[in-house]
1. Loop by DSSP (not H, G, I, E, B), at most 15 other beta-carbon atoms within 10 Å: where is the longest site-free stretch of the chain for GluC sites (Glu not before Pro)?
2. Please compute the net charge surrounding residue 120, taking Lys and Arg as +1 and Asp and Glu as -1 over other residues with Cβ under 10 Å from its Cβ.
3. Quick one: how many Å² of residue 85 are accessible to a 1.4 Å probe, rounded to 10?
4. Mind checking the full-extension length gain between residue 60 and residue 130? Use 0.36 nm per residue of separation minus the Cα-Cα distance, one decimal, nm.
5. From the phi angles alone, apply the Karplus equation (6.51, -1.76, 1.60; θ = phi - 60°) to segment 132-140 and give each ³J(HN,Hα) in whole Hz, x where the residue is Gly or Pro.
6. Keeping all protein chains in the complex and leaving out DNA, RNA and ligands, what accessible area do you get for residue 105 with a 1.4 Å probe, in Å² to the nearest 10?
7. Tell me which residues come under 5 Å, amide H to amide H, from residue 47 once H is placed; ignore anything under 5 positions away on its chain.
8. Do you know the relative contact order of the chain, to the nearest whole percent, from alpha carbon pairs under 8 angstrom that are 6+ apart?
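The values are calculated or read from the model by the stated rules, or taken from the named source; none is laboratory data. Here the structure is a predicted model, which means the values were calculated and not measured. With ideal geometry, Cβ positions are generated from the backbone for all residues, glycine too; neighbour counts draw on all protein chains shown. With ligands, DNA and RNA removed, areas are computed over all heavy atoms of the protein, side chains included. Shrake-Rupley method; radii C 1.70, N 1.55, O 1.52, S 1.80 Å.
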Amino acid sequence: MAELSADIVEFLSAGTRTGMLGYAASDGRPLVAPVWFIVDDGELVFTTGRNTAKGRALERDSRVVICVDDPHPPYSFVQVQGIATTVEDAPELLDIATRIGGRYMGIHRAIEFGRRNAVPGELVVRVRPTKVVAAFNIAD
């Protein structure tokens, strides 16, 4: 397992950067979808519906990649390759959805978004890193 260093966690956790999740479609085509995420206990964590394309794909093949970039000069990115696991635990789902809501919508709306997204059929997805590739300040 690859570990997320402190500078990687700081980059991934800064602001409201969206992760681009790469996964395989049922016919093997590569797909990419944006995800709101947090870093929790050395893993990238997001939520998705069990019956969405992402949810179904993760049941077939747990190998994923998440790429997060800073599109402003001097440009940086982190790519986390890993293995995704899913859980339907209601208390964990509410906790994760609330924390994600706070990050992306502001702390004043965290509970609202947590409750909205912690509903039956939603999954907590945890990506355990197997490889991390990063480049900071590319245009310096």
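1. That gives 4-87 as the longest site-free run.
2. That works out to -1.
3. 80 Å²
4. Between residue 60 and residue 130, full extension yields an extra 23.4 nm.
5. So the J values, rounded to whole Hz, are 10, 10, 9, 9, 10, 6, 4, 8, 6.
6. Here the accessible area works out near 60 Å².
7. 125
8. 30 percent
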